[in-house]
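To keep things clear, I will list the structure first and then write my remarks on it.
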Amino acid sequence: MQEIADELRRQFEDRLKHLNSYLNDLYEQFPPVEERARLALRLYDIYCNAAREAMASDWDHAVDAIDRIDLLRFYLRDLNERAEELEEVFAGALHDAVPPGLVDSVESELVELLRTPRQVILSVGPADNYETMISELQDFVFGALGPYAPDLTGDLQHARFALMRLPRLESTQPSWRPLILGHEVAHLAVAERSTVADFDIEGRLDPAVTETLSVPGHLSNLASSPTLAIKTAAEQWVEELICDAYAARRFGPAAVAALGGFFEFVGAFDEVGGHPPGWLRCRMLVDWVGDLESEGLDKVVAPWRQLAESPQPAGMPDWAHYLCGVMWEARDSFPAALHDWPAQYDAAARARTVEWLARELDAGVSRADAAGASGDGLHTPFYDADLVNAGWVARQEPSGMPIDRLVEKSLESLDFVRRWQQAGGDIIDLSGVPGDVDSGQSGVLSGVAIRERIHEADRTRRLVVSPAGLSEIRGASLDLRLGKHFIVLERSSTPAVSAVAGGARRMQAAVEKSWDDYFVLHPGELVLASTLEYLVIPSDLAATVITRSSYGRLGLITATAIFVHPWFKGCLTLELVNLGRVPLQLQPGERIAQLALQPVEPARPEPDESDKYRCSTRPEFSRVTQDREIAVLRAISRHTEP
Amino acid sequence: MHRHTASAAMQRTSSSLRSRSIGVALLAVRARAAVKRALAGETLSDRDISELSNVRRVLAGAAEAIGYDLKGSAPAAKHITSVGLALSAVAGPAEPPDKEAMSSHLRSLVADLDRLIGGEPPRDTSALPDFLTGLLRIADRDTSQSGETLVRRA
């Protein structure tokens, strides 16, 4: 037996060593700007030392080999838990499917909801679930060490984390924001505010009834009375429904569509357990959102209203059937429980704005402002819930436009504008153009003419620049700012790249920076970037994009392909090259380029869906291999691969 | 990590329950060593007393939880794990629980721990070691990857 104990100890110490090595590797992979993740990883570093010391102390204190074997068995299990967390949470957080912008949004949301700030770490998890860690990370990591848990000091002592895992498909799509910025963040708020305890679901249960019911399957191991088990299940359901109610409060109709859609996606409509059935949740969400006068928003909710009106799914266990009735009777109490939570989204009041935004999305336009908009009743500034709802409205009538991508771009720009204003930046009113302005008959449009085109009533002649107003329009050009997305060229064993044969994609990688981060462009390096501004060039204008002279003097070239065609819609892809001798540190939002516009004869009909770079919202990988003549050139060439 | 494949927006519950089970298991091993020393007639160190006090707190909590249940009201959620482990350790998962008997048994174990802490021998020399070993077996099952019994696997 002692040999078994000795071997388990050797394996434990070996595994600790490997875990520590993996931990250090993860730490190095997170850039310094990812302070949240690095702070959390320090906890695991401390754990490795504490677990080693605790085990050694327990080993010496044990009486015999049986004690030592049992000790090592559980220390190994605990170590396994830590390894799993590092793999699932932290390695997953490095995955590029989690946009830095979403991390920022969750953190901002929690500032509103919680009393203490949280360090947010998002990672990609299972495809069928969202997961939020409710317990404090410190308790999680050190909990099993019990009295041998170390005393934390400094920033680790008071740091509080919010760890969430998101399904890959939904983490990048703004349509699903009600799930994470509504339901999931509400779990953290419920834990902090004791909302479930205050709800007092026990007072709504009848022990004379509950004692006759079956014990919920997921709680059967408690082997206790049905009343206790059903009360536990009821509290679990109350928490989930409170979080659903918050999603509805925060996002209105979009919450119904997003949650309902996800329940169907994962097959949760009639399954019961620690969660109420999706059927009940949809029914409650529809009830909370209420009737909608807006035709567009009503269409978003309509399918779920139909599902909610369907009979209760058959085959539900008696305890679940009972709880569905209890929860439905208490349905008004869920929104009421949120009375002191942050402000409610008024879908009725915002309907006009949402519908206007939806029409813009259908036309392939990303909007973070209403500059140049005609029509009354628009609410500005926009809320993110306006944009998410507009996306759902736009998706009801397929237009062929990349709606999710446009909504994501709008949210991104909105986020920048907020930060701009919070940092003291002004938003310039570009309206008030004097009449009879020469709109460019002489060649390049003047600044005044540009402003006129931004506020043009005729949509076909309107120049869209969104967001607008971050800088004055002077001279005869429009300044453009650097976006937060880049495409970098990586080292590769590819011997050559050919436009005809392809191969460039293998050497390129997309990178997204946070607004508060910077990108380093090394001497001689070429990267692709894009403008912050989303542009729509009308059919009778063309444009040229060039470097602002202040940046040219630093050695920066912002474009090699400088001509912009009429009908262009999207963010301009910029080819950035550093011709200087030192690296250039570029922050997203810097005003690095300028756009000059000139009139042209009204161009050919609007490009169709085959236009390769249509409605781009970030730098695009080259699609030259999709050019029509590539097949001909390949047929001529005697080479098949570069 | 709780993976309920048919529901959305879950808390991370099973991992926290596993961590808690591991913590209770380590506590039980430490206490069992102290019990063995006491039964062997050795003088208990401060650490031994501390270990016995720690496990006494857990068992007293479980007894209190079952007591609430017997009175018709429900214990706090924090007691659920203690109750689950204790009940399974005493009654076995396949047997319907006799809550009165379990409550009595837990109180008896707590009383024996009080005697040991006070330097006196327990009334039943095998009850505590057997219970603590039983607790370890349950925790062993509940913290193994294939044996998620505290939460339902979809």
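Bear in mind that the values in this text are calculations on the coordinates, not laboratory data. Note that the coordinates shown come from a computational prediction; the quantities given were computed from them, not determined experimentally. Glycine gets a Cβ as well: all are built from the backbone with ideal geometry, and neighbour counts include every protein chain shown.
How far is helix A:100-113 tilted off the main Cα axis of chain A, in degrees rounded to 10, range 0 to 90? That helix lies at roughly 60 degrees to the long axis.
Are any of the pairs A:409/A:513; A:299/A:409; A:409/A:484 more than 18 Å apart by Cα-Cα distance, and if so, which? Beyond 18 Å between Cα atoms: A:299/A:409. Principal axis extents of the Cα atoms in region A:146-246, from largest to smallest and rounded to whole angstrom, are 50, 46, 25. Highest mean packing first, where packing is the average number of other Cβ atoms within 10 Å per residue, the peptides A:180-186, B:104-110 line up as A:180-186, B:104-110.
Please find the FRET efficiency linking residue A:514 to residue A:459, where r is the Cβ-Cβ separation and R0 is fixed at 35 Å, and quote it to the nearest 0.05.
In this case the efficiency is close to 0.50.
Note on the protein assembly as shown: semi-axes of the ellipsoid equivalent to its C-alpha gyration tensor, largest first and rounded to whole Å, are 59, 33, 21. Shown here for region A:308-377: GluC sites (Glu not before Pro) in loop regions (DSSP other than H, G, I, E, B) with at most 16 other Cβ atoms within 10 Å, namely A:309. The trypsin sites (Lys or Arg not before Pro) of region A:546-580 meeting both criteria, a DSSP state outside H, G, I, E and B (loop) and at most 15 other C-beta atoms within 10 angstrom of the site's C-beta, are A:553. Across region B:26-41, coupling constants 3J(HN,Hα) worked out from phi with the 6.51/-1.76/1.60 Karplus curve, θ = phi - 60°, read 4, 4, 5, 4, 4, 5, 4, 4, 5, 4, 4, 5, 5, 5, 7, x Hz, and Gly and Pro carry x. Computed from the alpha carbon atoms alone, the convex hull of region A:15-120 holds 117 Å³ per residue.
Estimated purely from DSSP H runs of n ≥ 4, each contributing -39500 (n - 2.57), the mean residue ellipticity at 222 nm for the protein assembly as shown is -15000 deg cm²/dmol once divided by its residues. Based on every Cα atom in region A:100-143, Rg and the maximum pairwise Cα distance Dmax equal 12.1, 32 Å.
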